[in-house]
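The values are calculated or read from the model by the stated rules, or taken from the named source; none is laboratory data. Computed from a predicted structure; not experimentally measured. In this analysis, Cβ positions are derived from the backbone assuming ideal geometry, glycine residues included, and neighbour counts consider all displayed protein chains. The accessibility values were calculated without ligands, DNA or RNA, using every heavy atom of the protein model including side chains. Shrake-Rupley method; radii C 1.70, N 1.55, O 1.52, S 1.80 Å.
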Amino acid sequence: MDKKKDSERVQLAVEVATKAHEGQFRKTGEPYIIHPLAVKKILEEWGMDEDTIIAGILHDTVEDTNLSLDDIRQLFGDTVAFLVDGVTKLSTARNGMRDIDTYLPETRDNFLRLMIALGDDIRVLIIKLADRLHNIRTLSALPPEKQKKIAKETLEVFAPLADRLNMGLLRMEISDLAFKYVDPKRYQYLKELIVKHNKEAEKGLNKVKNEVTEALKKEKIDFEISGRVKSVYSLHKKMAKHDQNINEIYDLTALRIIVSDITDCYLALGVIHSLYMPMNGRIKDYIAMPKQNGYQSLHTTVITQDKRIIEFQIRTKEMHEYAEKGLAASFYYNEQKLTENYKKGKIEHLPTNLLWITELQTAAAQLKEGKRVDLKKLKLNLFADKIFVYTPKGDIIDLPKGSLPLDFAYRLHSEIGEHVIGVKINGKMSNLNKKLEQGDVVEILTAKNQTPKESWLSKMFTSHAKAKLKHWLNANKK
Ligand code: MN
């Protein structure tokens with residue numbers, strides 16, 4: 001993905017957008033055009049095609065300036081107009097979902113609606129992700145209340161989306177940036193913990209690196225080895241799973257080995273296991289059995305002679321590229337083929353684990369033609385392990401499947417969780433044992449004088465809620 005000189009079309013788009021946004025300013029005080037140009041740069045880095053880049057430059061014009069969709073169509077053609085329209089609708093979709101209502105009246109599930117709205121052309125979502133990335137990078141200019149809201153939404157909607165598209169680098173960056181606003185103290189604490197840990201581990205790690213390098217060279221394996229940095233947010237999530245015990249987190253220190261083919265992946269794994277003792281149950285073959293998002297790699301955790309615990313991740317260059325860029329990388333490869341289907345935004349040759357995108361596109365097309373689609377089945381494939389439920393105000397909260405009203409309440413805030421007296425689900429009184437379902441609107445009823453009960457533990461599913469409750473019970477034991 002070499003840096004080419006901008007084509008004439010791209011130059012024209014920059015001119016048109018600059019003129020259209022003239023006199024507008026961002027909260028940072030800079031001219032507004034800074035933002036679309038930053039989105040352009042991000043899309044270029046992801047290796048996106050020219051139409052997507054142009055649509056990225058123009059993505060805010062229809063909503064915020066005098067430029068019309070027809071102007072864009074005349075200047076840049078149908079595809080660019082279609083993509084800009086998609087991004088514009090997506091922001092209205094998030095507020096009222098009016099447009100989608102006309103062909104999708106039977107579901108309250110805003111998240112699903114959002115996905116269907118995107119289904120026409122997944123490049124719309126990629127532009128939206130680039131837009132969100134720049135907005136979150138420059139979030140400090142907004143008032144604190146807005147910062148929190150955008151940061152939360154980023155963690156709950158956009159980071160999982162990036163993960164589902166296997167865009168690993170993007171997921172890491174937006175979730176860490178967002179987490180910093182959602183919980184600044186915790187962010188700072190974990191960040192320092194990681195720095196401290198890395199410093200301590202460095203010396204031992206270099207020794208291991210040298211030993212592994214020697215051994216791999218002996219086997220004539222072509223490879224690159226480097227340290228992998230763990231993101232603050234993923235550490236935060238892991239700590240919650242392990243009762244905040246950092247000693248139970250084995251992938252804090254990790255080395256990544258990149259080789260040229262699959263055979264070498266397994267060879268390298270053998271070499272590492274002959275050097276160090278592998279930990280029981282910690283060998284994962286995501287090459288033979290890729291993750292749901294298409295991620296492939298071998299993982300193993302070993303104990304070195306000086307009792308250090310180190311995780312190794314072994315993969316080919318292609319797998320690595322895909323782990324970092326995900327769907328965007330697929331676009332790049334498909335662009336090389338420039339098939340007719342690709343030009344319409346339909347990607348061919350998706351990895352099997354991303355076939356849900358094709359499914360989504362088919363479903364969206366069918367719905368628009370007025371055909372019936374089994375939405376329940378579709379949902380399962382989109383987010384097998386998660387449900388998305390809503391506050392009465394329409395904010396999206398994602399929870400693991402099996403979550404109960406108390407999990408929801410504690411997710412909103414422990415202040416809310418601690419004062420629960422009841423719950424309304426979809427407007428009707430319900431009880432605390434009722435499992436939440438995809439798309440439920442959940443209203444928590446509280447009372448000031450209510451206090452947490454030990455019996456609530458059996459009415460909770462998430463370790464997050466249980467940990468908060470236990471903490472309160474311990475602190476308030478007489
Ligand atoms: Mn924007």
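Odds and ends about this structure:
- The packing ranking of peptides 247-258, 271-282, highest mean first, is 247-258, 271-282, where packing means the average number of other beta carbon atoms within 10 angstrom of each residue.
- For Ile387, residues with placed amide H under 5 Å, excluding near neighbours: Leu399, Lys401
- Size descriptors for region 184-325, from the alpha-carbon set: Rg then Dmax equal 15.3, 48 Å.
- Packing, as the average of other Cβ atoms within 10 Å across residues, places the peptides 289-295, 50-56 in the order 50-56, 289-295, highest first.
- With the simple model of a label 7 Å out from the Cα in the direction of the Cβ, Ile283 to Lys19 spans 6.5 nm.
- When the square roots of the Cα gyration tensor eigenvalues are ordered a ≥ b ≥ c, the ratio a/c for region 125-237 is 1.5 or more and a/b does not exceed b/c, which makes its shape oblate.
- For the residue pairs Lys19/Lys146; Lys217/Lys307; Lys148/Lys199; Lys393/Lys477; Lys230/Lys317, the alpha carbons lie more than 26 Å apart in Lys19/Lys146; Lys148/Lys199; Lys393/Lys477.
- Solvent-accessible area of Asp285 with every protein chain in place, 1.4 Å probe, in Å² to the nearest 10: 50
- Protein-only accessible surface order, largest first, of Lys41, Lys89, Lys185 at 1.4 Å: Lys185, Lys41, Lys89
- Per residue, region 206-292 exposes an accessible area of 56 Å² to a 1.4 Å probe, with every protein chain left in place.
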